[in-house]
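Structure, as structure tokens:
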Amino acid sequence: MAGIIGRKIGMSSFFSKEGKSIPCTIIEAGPCIVTQIKSHDNDGYSAIQLGYGDKKINKITKPELGHAKKANTTGKKVYVEFDNNYTITDDQGQVISLDPKLGDVINVDLFKEGEFVDVSSNSKGKGFQGVVKRHGFKGVGDATHGQHNRMRAPGSIGAASYPARVFKGMRMAGRMGGKRVTVKNLQVLQVIKEKNVIVLKGSVPGPNNVYLNITN
């Protein structure tokens, strides 16, 4: 398992060899710097911390600057921890352990075309929404006309004098989106190493320029 930090550039179309148009997402993945290696002896668990995106020098705090200097780099915009199990599979199907060290650079060549990855990021916040948009309620008999005061209402939410309260988790109106979402098994359509770009089949959570975690 290996991971990298990326930034969503936007969506486009990818044309297969058969001429079929496939919706895809273009992601700038890396280069990421190994800023810390955590071990069971020092931290109680094993992990690798990656940093992505250079931060302006006037926005870097002194503790962060000292942390970055240990890896011979500058302050980063995003820091993410991944499992310390960086392995890749070559063209012959052999599993190769990368064993990254402090200060190493992790690039998009971590992935290859045809494999499947998981992408995690924060979804778009949609504010306070009603039950129709938030939970897919359809109203009275799926009607589109009539029942003007009940069609899009949530209906009954409580019981009688017992329990005399609304149970937690009831599907009601409320804030929608803005949560951590993971989309699994997105196929890698193309890897452009010279531009640190990876093209994934389908969509990923969040708006353009959102930071993503990509793992295989």
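Observations
- Total residues in the stretch 170-189, condition under 28 Å from Ser13 (Cα atoms) and open to solvent by 70 Å² or more (accessible area, probe 1.4 Å): 5
- When the residues of the stretch 44-66 are filtered to those that are open to solvent by 50 Å² or more (accessible area, probe 1.4 Å) and outside any loop (DSSP other than H, G, I, E, B), the one that is nearest to Leu189 (Cα to Cα) is Asp54.
- Subset of the stretch 11-32 [open to solvent by 10 Å² or more (accessible area, probe 1.4 Å), in contact (Cβ under 8 Å) with a residue 12 or more places away in the chain and assigned to a strand (DSSP E or B)]: Met11, Ser12, Phe14, Ile22, Pro23, Ile26, Glu28
- Flag if Gly19 is at pLDDT below 90 and closer than 30 Å to Phe116 by Cβ: yes
- Restricting Ile192, Ile214 to those that are open to solvent by 30 Å² or more (accessible area, probe 1.4 Å) and of a type in the set (Val, Ile, Thr) reduces the list to Ile192.
- Ser203 being open to solvent by 30 Å² or more (accessible area, probe 1.4 Å), within 30 Å of Ile48 (Cα to Cα) and modelled with pLDDT of 90 or more: yes
- Residues in the stretch 149-169 that are in a loop (DSSP other than H, G, I, E, B) and surrounded by fewer than 10 Cβ atoms within 10 Å (Cβ to Cβ): Asn149, Ser156, Ser161, Tyr162, Ala164, Arg165, Phe167, Lys168, Gly169.
- Exactly one residue out of Asp41, Asp91 is modelled with pLDDT under 90 and either part of a loop (DSSP other than H, G, I, E, B) or open to solvent by less than 30 Å² (accessible area, probe 1.4 Å) (or both), and it is Asp91.
The values are calculated or read from the model by the stated rules, or taken from the named source; none is laboratory data. Model, not experiment: these values are computed from the prediction. Every residue, glycine among them, receives a Cβ derived from its backbone with ideal geometry; neighbour counts consider all protein chains shown. Accessible surface is based on the protein model in full, side chains and every heavy atom, while ligands, DNA and RNA are left aside. Shrake-Rupley method; radii C 1.70, N 1.55, O 1.52, S 1.80 Å.
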